[in-house]
Amino acid sequence: MKRLLQILILLSCYFNAFAEVRITEIMPSNVATVISDKYDYDGYVEFYNDGGEVDLKGWTITNIKEGVEDWSLVLDSSHVLPNGYSLLFFDEGETSSATAKRVQSNYVGSVGEKLTADAGMVIFSNNDEQIAIPYPQQYPHLSYCEDGFMVPTPGKENGGLVTSISNRVVSPTFSGSKPGLYESTISVELSCATDGAQIYYTLNGDIPTIENGTKYDSPFSVSQTTVVRARAYKDGMLFSEILTGSFIFSDKFYEACKGVGERLPIVSLSVNNVDMFSDTLGIYVEGTNGVVGGCYDEPYNFYRDWMRSANFEYILNGEVVDNQEVEIGVYGGCTRIHVGKSLKIKANKRSGNSKMEYDNFFQRRDYKKYESLALRNGGNGYSYVQPRWRDMFIQSLADGMNIDKQEAQPVAFYLNGAYYGMMILTERTNKDFVEHNYGLKEDEIDFFSVSAGNGYECEAGTRDAYDKMINYAGNNYDKAEFYDELDKMMEIDEYVDYQIIEQYVGNTDWVSNNTKLWRKHDGGRFRWILFDTDFGLSKATSVDKDMIKFATSEKGNESMKILLRSCLKNEDFRWKFLDQYLDRLENQFTDERIDAKHDSILNLTRLDMCATNKNCGFLDSPGNPADFDEAVEEMRNFAKERKAYVVEQLKKEFGLG
């Protein structure tokens, strides 16, 4: 705080002591206006330089958030401000002007931190030279200069209108029929409370502008699934916020499945088409601007870690219960190749709201206001080992066990009005999972992941406690105090349950992949998160698979093998593992419980899986009902038959008669 006061005192003496360069525009909430040198929509600062070139290398940048320093860093790379206007972007990872100008000549690179959208200040300082701009709370799609808010003009002279946020057109509204689920033709009527404002709308998911939108004059009819997006304009005022509404109708796929079951909740995403499907910027296509990742040697757009602005609607019992701007990005490994790709959904201040508005996505969770969600395509259950709800079923078998696992809700997914079939809305298994379920922020935890493509990664905190645990396990398993000391480092009871469920279902896409664990700083114990179990109970494994052998020697990240292998050399742990496994076999994996969990999800999803299979041509997924039914029953039978093989393997491992 003392340093902040010193900065503010200095700024009061010379707000812009470096006269040749000034900040002419700032846009922390650049969610869909201009791409950065990374082809992402990162926040930016616009400079105007009326002198010779200036290199910001070695300068210190400080971002103040609501009166407190949020972050401060020194620029390591060269960021040369040319004469005239230039843009410096803010996101993870620094890039130089030499790299950035390959994308656009007046780009001067990126800074390795994000600008806060809360009220704050950004300060550039270098000895006696200083450039800064304070700013109030920011809003998506608007930028700011020292005189007020404005329509963004990145890299160009500011427009004529610079004003207060109160001088903004009121958002349009739906005056007649509201967004939701319909059976017959309706009339859509738009209105705006600002006198003299003109509404422009689109029907394809794009954000409406005067250039690409249709001028609204009178109500129009809608008889098929349509996304209406509208914005109002008036001279002398800032344009309005964006109104979005999805009008969902029963289509030929649902009509062909009538009487099969009830409709699931609906997730409808509306996104600029260029950001989803264009070769250069699209995140949902192979494209021409990609990187290599996952299981494929070719560079694809969908392997980019890009985020795109979207409108999220959640429709429950035919009515919209959540409607807000979010950011979305593709996630997953090999399954990104599918037409319907898994998406991470992030609410944040950049998009206007840091939490999801609806508070009951997962009824069994105490935590209600999520910062992020995942829309999962079923992973390998999309086509290779259907059904799409395979992972949901496997995780349901762990209900009541001491395991960190995902809550899930099957949904029907629409993208810009097109039906993409049934998906699974779930909790994310990143650092947000820990915050949502334990109330711990990123700076309070160590968080690790193991994946086939990236190996061992520390995503938060340090690896010190993990390395200490692995080292202790590998070198002290023969000590009398081993069990008690290890239990101080990790929750052994949770670890054993985690091993039991992964091993029981025979998940062979695990140990060296799909592994995540975390702990609280200052004495917290490691816990594992169950996720992505689609290879379990499937043809990707076998009902007689010896998973103890698999998890300790056949495959696996070295440290993960060391941990379980060492634990199984300790008598106290061995008997804990055996007793707990036998209890789960007797009480958790009973035929009655397997049937109940299986049939509950099967009946819940029956209609939407039928419609999904009917749409198999577009989705490039299996569509034969007989094959689907066979796969579903094979999964059930595998879960039941597995028990006998596990018992024999436990007898062999523990020398039982």
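The values are calculated or read from the model by the stated rules, or taken from the named source; none is laboratory data. Note that the structure is a prediction, hence the values are computed from the model and not measured. Ideal geometry is used to build each Cβ from the backbone, glycine not excepted, and the neighbour counts take in all protein chains shown. Note: accessible area is taken over every heavy atom of the protein model, side chains too, but ligands, DNA and RNA are not part of it. Shrake-Rupley method; radii C 1.70, N 1.55, O 1.52, S 1.80 Å.
Structure data summary
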read-out	value
Normalised convex hull volume, segment 64-168, alpha-carbon set, Å³ per residue	124
Part-to-part distance (alpha-carbon centres) for segment 85-157 and segment 478-549, which is given in Å	45
Spin-label model distance (nm) - residue 147 vs residue 402, 7 Å beyond Cα toward Cβ	6.6
Approximate spin-label separation residue 360-residue 620, in nm, with each point projected 7 Å along Cα-to-Cβ	3.9
Accessible area of residue 544 in the full protein assembly, 1.4 Å probe (Å², nearest 10)	80
Label-reachable residues, segment 34-63, where backbone N falls under 20 Å from a point 7 Å from residue 83's Cα toward its Cβ	47-56
Degrees separating the helix 571-587 axis from the principal Cα axis of the chain, which is the longest one	90
In Å, descending, principal axis extents of the Cα set of segment 438-592	42, 37, 30
Cross-link pairs 349/520; 468/516; 405/640; 549/597 - those with Cα-Cα distance over 24 Å	349/520; 549/597
Principal-axis tilt of helix 625-654 within the chain, Cα atoms, nearest 10 degrees	60
Heavy-atom accessible area order for 243, 604, 415, largest first, 1.4 Å probe	604, 243, 415
Stretch gain in nm, segment residue 274-residue 289, where the contour uses 0.36 nm per residue and the Cα spacing is subtracted	4.1 nm
Where only alpha carbons of the chain are counted, the Rg and the Dmax (Å)	27.4, 87
Alpha carbon convex hull of segment 505-657, projected area averaged over orientations, nm²	11.9
For segment 125-223: rounded, prolate or oblate by the Cα gyration tensor [a/c cutoff 1.5]	prolate
Net length gained if the chain between residue 256 and residue 72 were fully extended (0.36 nm per residue, minus Cα distance)	60.3 nm
Extended-chain gain in nm, criterion 0.36 nm per residue less alpha-carbon gap, residue 191 and residue 174	5.5 nm
Measure of compaction for segment 445-495 (Cα Rg per 2.2 N^0.38 Å)	1.28
Where a label projected 7 Å from the Cα of residue 457 along Cα→Cβ would reach, residues of segment 335-365 with amide N under 18 Å	335-337, 342-346
